[in-house]
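Asks: Encoded as structure tokens, here's the structure I'll be asking about.
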Amino acid sequence: MKYKAVIADVDGTLFPPSEMPSPKPSEKLIEAVKKVTEMGVAFSIASGRSLSWVEEIIRGFDLKTPIILDNGARIYDCKNKKYIWESLLSKETAEKVLSVLKKDKTLRVYIADDDERLSGEAKITKWKISKILVLGVTPAKADKLYKELKMIPYIHATKSVSGTGEKSQSVHVTNFDATKQVAVGKLLEILRLRKEEVIGIGDSYNDFPLLMASGLRVAMRNAVPEIKEIADYIAPSYEEEGVVEVLERFIIK
């Protein structure tokens, strides 16, 4: 199969999981991405992050292909610097989510509102919310929150590994049709490609939709078991530049 696009997750795939803005890609990664794009293969990312937190990636890779942000809630056109698709939470739905999260005063809740990271409902002015995010929780608390939140209608809730240590997990809430799978489908329509022509690379729970939307499903060696179970190929970890190995094995050769 000749693959025509690669869509990679960010945290735990291109870089170590982190709550900080993405760093500049390594020279090895930049060179590999440059080679595949020169071969006519589109390279994109599908991340739970918002635009301001992936700007170094856009610049480092000199991305021209649209990218998927906010866990599938938005698609951003890197070339023309504008959003070309989005699915936002309604005010009513966002309020229901926040009412659940308010019960635990220890939670660090962030709201992606018009591409800003805002902490606290009082600062919301436009209610143009792409994602509500809880950062820095234990796996047990992430499971508990996930089970509570998924009972709310018209949302999509998912867990992700977003750091290291005991409190390494996060919980993302987006609109019901804002998933990486839906967004990949929209992106493929834009690129006029078929699912079979796409390589999807990920490591965490929120990458399940990304891999399900891809022809070749790649899990990182550091991926959670649920992602490895559906993978066609297990790549080296992010510490070993696994994405570079995937590009070399399946495209550059």
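Just so you know, all these numbers are worked out from the coordinates, no wet-lab data involved. Quick caveat: nothing in here was measured; it's all calculated off a predicted structure. Cβ placement follows ideal geometry from the backbone for every residue including glycine, while neighbour counts extend to all protein chains displayed.
Asks: Local charge sum around ALA223 (other residues, Cβ-Cβ under 11 Å, Lys/Arg +1, Asp/Glu -1)?
Replies: -2
Asks: Then there's this: Over 32 Å between Cα atoms: which of LYS81/LYS144; LYS24/LYS128; LYS4/LYS147 fall into that group?
Replies: Beyond 32 Å: LYS81/LYS144; LYS4/LYS147.
Asks: Here are several values of percent of Cα pairs over 24 Å apart: (1) 59; (2) 42; (3) 46. Which one was derived from the coordinates shown?
Replies: (2)
Asks: Let me ask you something else. Counting only C-alpha contacts under 8 Å and six or more residues apart, can you give the relative contact order of the chain as a whole percent?
Replies: Contact order relative to length: 22 percent.
Asks: Further question on the same structure: Please report Rg over Rh for segment 1-52, where both radii come from the alpha carbon positions and Rh follows the Kirkwood definition.
Replies: 0.99
Asks: Rounded to the nearest 20 Debye, what is the dipole magnitude of the chain about its Cα centre when Lys and Arg each give +1 and Asp and Glu each give -1 at the C-beta?
Replies: The dipole of the chain has a size of about 520 debye.
Asks: Another question, if that's okay. Which one of SER22, ALA73, ALA32 is farthest out on the positive end of the charge dipole of the chain, using unit charges on Cβ (Lys, Arg +1; Asp, Glu -1) and the Cα centre as origin?
Replies: The one lying farthest along the dipole's positive direction is ALA73.
Asks: Using alpha carbons only, how many angstrom separate the centre of segment 214-243 from the centre of segment 27-105?
Replies: Between the Cα centres of segment 214-243 and segment 27-105 lies a distance of 20 Å.
Asks: Spin-label point model (7 Å from Cα, Cβ direction): what's the GLU239 to LYS253 distance in nm?
Replies: 3.2 nm
Asks: Please give the calculated 222 nm ellipticity per residue for the chain, where each DSSP H segment of at least 4 residues contributes -39500 (n - 2.57) and the sum is spread over every residue; nearest 500 deg cm²/dmol?
Replies: Numbers: 8 runs with 70 residues, N = 253.
My calculation for the chain gives -7500 deg cm²/dmol from helical runs alone.
Asks: In the chain, with Lys and Arg counted as +1 and Asp and Glu as -1 at Cβ, which of these residues, TRP85, VAL218, ILE7, has the Cα nearest the positive end of the dipole, that is, farthest along it?
Replies: The one lying farthest along the dipole's positive direction is TRP85.
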